[in-house]
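Have a look at the structure below, then the notes.
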Amino acid sequence: MELSKNYLPAATEEKWYQHWLHQKYFNSSIDDRPAYTVVIPPPNVTGVLHMGHTLNETVQDILVRKARVSGFNACWVPGSDHASIATESKVVQMLKEKGIDKSTLSREAFLEYAFEWKEKYGGIIYHQIAKLGCSVDWDRTTFTMDDHYYKAVIKVFVDLYNKGLIYRGARMINWDPAAKTALSDEEVEYKELQGKLYHLRYQLANDIEPLSGQYITIATQRPETIMGDTAICVNPSDERYAHLKGLFAIVPLINKKVPLIFDEYVDPTFGTGALKVTPAHDINDYNLGLKHQLEVVDTLNADGTLSAAAQIYVGEDRFAARKKIIIELNEKGYLLKEEEYTTRLGYSQRSGAVVEPRISTQWFVKMKEMAEPALKAVVDGDVKIHPGDKFLATYKYWLENVKDWCISRQLWWGQQIPAWYAPDGSLVVAETREEAFDQFKMQNVQCSIEEVIQDEDVLDTWFSSWLWPMEVFKGISNPEDNKEIEYYYPTSVLVTGQDIIFFWVARMIMAGMHYNHQKPFSDVYFTGMVRDKQGRKMSKSLGNSPDLLDLIDKYGADAVRFGIMISSPAGNDLLFDEASLEQGRNFNNKLWNALKLVKMWQGRTSTGIANESGNTSQINPNETSQFAIQWFQNRLNKARTDLESLYSQFRLSEGLKNIYSLIWDDFCSWYLEWVKPGFEQPIDNAVYEKTVFFFEELMQILHPFMPFITEEIYHLLAEQKDDLCVKQFTSIPAADSGIIEEGELLKQVITALRDARIKNQVKPKDVIQLHIQTQQPEVYKPIENILAKQVNANAIFYTNETIANTIVVAVEKDKFYIESELQIDTAALKAELLKDLEHQQNFREAVNKKLNNERFVLNAKPEVVDFERKKLSDAEARIKVLTESLSNF
RNA sequence: GGGAGCAUAGCUCAGUUGGUUUAGAGCAUCUGCCUUACAAGCAGAGGGUCCGCGGUUCGAACCCGUGUGCUCCCACCA
């Protein structure tokens, strides 16, 4: 079969993915093996995979594929998240483009559109996950709004309510005036910008009348909220204002009289030291209001326009009203000055609107008692975080200072809150309308079942995702006699971004500890954030986030996986650069070309010693290959052992680097060159088979990282009865470090001789004779042929004395003389040797200094001292060799 | 304001409880090669005050202190 010049990924990837699916390799069902379970962090159903997902999915696939071939029953559950706010705002946008206003639709009609949208776009992410080669069990695909999942969420709400862990309350929350919904603290993003601080004067009054000519000046960024003022506050220790006790201030424009209050909260050094208190529109003012029992006047509507309570500019948008109010305040002499001021404003992560602090009735989860077991699980090491030291402190701090979780959202897309209201306003919480009605009856509330009204709001998306590791196995909706949850839970490892440690990771641990009395996963692997080359966060608005499918088209999925993994140690941010994908593609070609070489040998094998290389030849060429084979076998064993250890530490990029270098350098550059027969010469059959075997083993260890090309090459190398995808790793024989060291020596000699050839202008084609002066010729005998071939020598001799008119090279304790027809540049050669000698002498000095230090010899471990002595004697031997060589000049 | 982390070659990073031949890799750079697997390649090479200062130690890239610079998280002062 003719192999293409370069590796062509597209068709290969499609072919193998279909084959794996067809063989049901990714499907998991309960059996006797231990389970290795991973649940995918469900991406937003309407989203596309960005580079962050690509990294996450690749990491998970590597771990899952590795587990699958290491005796585990690997189960990777895919799925997606309904992402209430993000999806709803996309659907609203889509409807708007069609000329449909959401407010004209019934809830049912809107949800129909939303599900249609989900069907249409929800498949995109699954397609991308498949393209990347992810070995997920597609039969287990779960969506957070699936029937059983929906029921589970409702069930948990009712259960927590009955346990007193969910309550309804009026609270200051973050309000998104564009999406008209409450946001959790985590959904608010703060941005710094240049604002203005307006100094306004309020006339003072006693309880009867205004005090003419007496004012107090406050500073505010939000003059449009003055109509909501219900007090002016100063610090009790502030002497400037001490005399104002018992007085009132008159709010400009609306002439409302509000009391002056005193509280430590006010910073006398900020602004004027006097603060207007607007409990309805500022979280701190709200708290002050609670403390001093102030009236709450909400001057804004849900959409951010001024409400009737504002009295003026009613119905105008808050920002438009601000401009007009500033003008009016100025005209009427209330505005004393404007000051430039840098402030931080909260923006909705979803809609981008400026968030408005607002009082409203919302549902909350009490976090304190749920947090305790979740904290303990991590602190005790039951759940291990990687990299640990980096995130443990953050996790602890958040859980120790956790605040109640606002879980209601004023949306339609999501699980509707199972709270029911009777016409008289009484409230019950129940899974169904019928149950709610029964409860009302028991409470003697008079109503018909049709009159029962369900809460309009839906639940926060995270209130469904926190059940993910359990409910994908129906552990919540069907907890009794559920073999699946017993077998697959707790899951093995969770791979996710560090940015959702609170949103999701902590809450999953809480839910898991609460409902299963078990951790949801044993290990958490945090990937870093993917940034662009300049270190900027990848984002749509910057346009610096490449399209995954384009990248796969351009480089192939294996190259994308390689590129994203090669430079992403756990928890560290990763600067994404297409150059690393190029490196991945080049690596594919390297593998492909090695395959072409080995395939050339197929059918050109011979047995025994027929291989007549002709040059040096007291040595059996087969014996030479024996060295190469033994060396590589041990090198491979060593690498595999190292790799296992890296896997157990989740140091995957390190592992990939090791395999890359093992294949490119040790296998291709050294081993294949060593066993390569001469031009049009046959290769020994045993050597050929061993080479194929090594190649297969290399493909096997690389397979979790680059599944497609490895499976392809594995099958092209030989007729195979199995597939790499499920071929089990064998146990690793111990590596013989002696032969590995011998190989290192050989490499070192070859490199030194090649270097000497180049420095002395010996052309690659010029043939040389090599003379070796050594105490241990037996070391070189078995590798003579390799050495000769690699340095283009046609003969190797052993000598006990200096050879004149040659290039001298010293390696370790041995000397090598390169004899060629060329004129030797003795001056350059001498300089080279002198440089080496100086280096060695300096080195000897350093070691000597150490050994002459009595305290070192006394205190250091004996093996360290011994090692220093060996270093010294080695250095001295080399100095002797160099000095001898130099004496010939 | 509170907390965490990082600083090693031009760039991105390894360096596993302080000693392992006076610091390693990939990419980039330079030199020479179209050598019958591979120019998306081969063979070589150069390149570092391990951020500054101080300390602990026989010995520090590694431990401690301190300064500087960067990053992230939390809290959100009108």
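The values are calculated or read from the model by the stated rules, or taken from the named source; none is laboratory data. Just so we're clear, the structure is a prediction, and the values are computed from it rather than from any experiment. Here Cβ is always computed from backbone atoms with ideal geometry, including for glycine, and neighbour counts include all displayed protein chains. When the accessible area is computed, the model is the full protein with side chains, heavy atoms only, and any ligands, DNA or RNA have been set aside. Shrake-Rupley method; radii C 1.70, N 1.55, O 1.52, S 1.80 Å.
Worth a mention:
- The set of residues in region A:827-841 that are surrounded by fewer than 18 Cβ atoms within 10 Å (Cβ to Cβ) and within 10 Å of RNA strand B (Cβ to nearest atom) comprises A:835, A:838, A:839, A:841.
Yes/no per residue for (1) without any contact (Cβ under 8 Å) to a residue 24 or more places away in the chain; (2) in a loop (DSSP other than H, G, I, E, B); (3) away from RNA strand B (no atom under 11 Å from the Cβ); (4) open to solvent by 70 Å² or more (accessible area, probe 1.4 Å):
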position: A:191; (1), (2), (3), (4): no, no, no, yes
position: A:195; (1), (2), (3), (4): no, no, no, no
position: A:199; (1), (2), (3), (4): no, no, no, no
position: A:204; (1), (2), (3), (4): no, no, yes, no
position: A:214; (1), (2), (3), (4): yes, no, yes, yes
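- Listed by position, the helices (runs of 4 or more DSSP H) inside region A:661-765 whose residues that are under 30 Å from residue A:788 (Cβ atoms) and more than 15 Å from RNA strand B (Cβ to nearest atom) number at least 1 are A:685-702, A:737-759.
- Candidates A:318, A:344 - the one that is open to solvent by 10 Å² or more (accessible area, probe 1.4 Å), within 16 Å of RNA strand B (Cβ to nearest atom) and within 17 Å of residue A:177 (Cβ to Cβ): A:318
- Residue A:393 vs. criteria more than 26 Å from residue A:106 (Cβ to Cβ), open to solvent by 10 Å² or more (accessible area, probe 1.4 Å) and within 16 Å of RNA strand B (Cβ to nearest atom): yes
This table checks each residue for (1) assigned to a helix (DSSP H, G or I); (2) open to solvent by less than 80 Å² (accessible area, probe 1.4 Å); (3) more than 9 Å from RNA strand B (Cβ to nearest atom); (4) within 30 Å of residue A:826 (Cα to Cα).
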{"residue": "A:845", "(1), (2), (3), (4)": "yes, no, no, yes"}
{"residue": "A:851", "(1), (2), (3), (4)": "yes, yes, yes, no"}
{"residue": "A:856", "(1), (2), (3), (4)": "yes, yes, no, no"}
{"residue": "A:864", "(1), (2), (3), (4)": "yes, yes, no, no"}
{"residue": "A:870", "(1), (2), (3), (4)": "yes, no, no, no"}
{"residue": "A:878", "(1), (2), (3), (4)": "yes, yes, no, yes"}
{"residue": "A:889", "(1), (2), (3), (4)": "no, no, yes, yes"}
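- Some residue of region A:245-268 being over 30 Å from residue A:456 (Cα atoms), of a type in the set (Phe, Trp, Tyr), touching a helix residue (DSSP H, G or I) at 6+ places or on another chain (Cβ under 9 Å) and surrounded by 16 or more Cβ atoms within 10 Å (Cβ to Cβ): yes
- Considering region A:220-246, and only residues there that are among the hydrophobic types (A, V, I, L, M, F, W, C) and under 23 Å from residue A:290 (Cβ atoms), the residue that is farthest from the chain's Cα centre (by Cα) turns out to be A:244.
- Residue match in region A:221-235 (condition: open to solvent by 10 Å² or more (accessible area, probe 1.4 Å) and among the hydrophobic types (A, V, I, L, M, F, W, C)): no
- The lone exception for residue A:565 - which of (1) open to solvent by less than 40 Å² (accessible area, probe 1.4 Å); (2) away from RNA strand B (no atom under 15 Å from the Cβ) it fails: (2)
- Some residue of region A:256-277 being assigned to a loop (DSSP other than H, G, I, E, B) and more than 11 Å from RNA strand B (Cβ to nearest atom): no
Residues are listed down the side, and each one gets a yes or a no for (1) open to solvent by less than 20 Å² (accessible area, probe 1.4 Å); (2) in contact (Cβ under 8 Å) with a residue 12 or more places away in the chain; (3) not β-branched (Val, Ile, Thr):
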| residue | (1), (2), (3) |
| --- | --- |
| A:119 | no, no, yes |
| A:152 | yes, yes, yes |
| A:161 | no, yes, yes |
| A:164 | no, yes, yes |
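- Elements of type strands (runs of 3 or more DSSP E) contained in region A:384-429, each with 3 or more residues being at pLDDT 90 or above: A:419-421, A:427-429
- Lone unmet requirement of (1) modelled with pLDDT of 85 or more; (2) among the aliphatic types (A, V, I, L, M); (3) closer than 30 Å to residue A:3 by Cβ for residue A:646: (3)
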